[in-house]
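Take a look at the structure below.
Please treat every number below as a calculation from the coordinates, not as lab data. On a predicted model such as this, the values are computed, not experimentally measured, just so you know. Cβ: placed from backbone, ideal geometry, glycine included. Neighbour counts: every protein chain shown.
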Amino acid sequence: MCPSTAPSETSHILGIKRSAGIIEFFDPPLPLPKVARAVISLDDLQNKLRLTGPCVRRSCGYWSGKCELGAELAVKKDLALQPCPIRPLCRWHIENGPAVCGSCQTVLWHSRPGVSE
């Protein structure tokens with residue numbers, strides 16, 4: 001599972017940004033209905049919501065045989081480990097271990113050139 005994805009038919013809402021820029025995770029992540037996908041804007045994703053969905057690997061601008069965004073976050077170690085509803089399936093956690101989890105709480109959605117939407 002990608003812990004920070006664009007809206008798609010398989011996306012779920014992983015969390016919402018709360019005070020101090022920290023993401024409050026939903027357990028379990030909430031389904032993202034078609035009508036919601038139609039009205040979610042890039043502004044919503046960059047400033048309010050966090051989506052999860054299947055990792056798209058080569059279709060993502062962060063993919064280089066592994067997720068470069070997860071690797072970048074793993075070195076930051078911003079916050080203490082918090083409960084996470086997708087940790088056992090999370091691409092970032094699988095590839096980087098618990099070091100990525102603290103920084104994960106501050107990420108919304110980041111596009112990168114070459115990202116397919």
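Computed quantities for the displayed model
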item: For peptides 66-73, 2-9, sequence by mean Cβ density within 10 Å, most packed first; result: 2-9, 66-73
item: Any cysteine of the chain lacking a neighbouring Cys Cβ under 4.7 Å - listed by number; result: CYS60, CYS67, CYS84, CYS90, CYS101, CYS104
item: Reciprocal mean inverse distance between Cα atoms of region 12-104 - Kirkwood radius, Å; result: 14.1 Å
item: Per-pair calculated FRET efficiency, R0 = 30 Å: ARG58 and GLU24 via Cβ, rounded to 0.05; result: 0.45
item: Backbone HN-Hα couplings from phi across region 11-27 [Karplus 6.51/-1.76/1.60, Hz, Gly and Pro as x]; result: 6, 10, 7, 7, x, 9, 6, 10, 4, 6, x, 8, 7, 9, 7, 8, 10
item: Helix-only [θ]222 nm of the chain, DSSP H runs n ≥ 4, -39500 (n - 2.57) each, per residue, nearest 500; result: -5500 deg cm²/dmol
item: Scaled radius of gyration (Cα, divided by 2.2 N^0.38 Å) that region 1-46 gives; result: 1.13
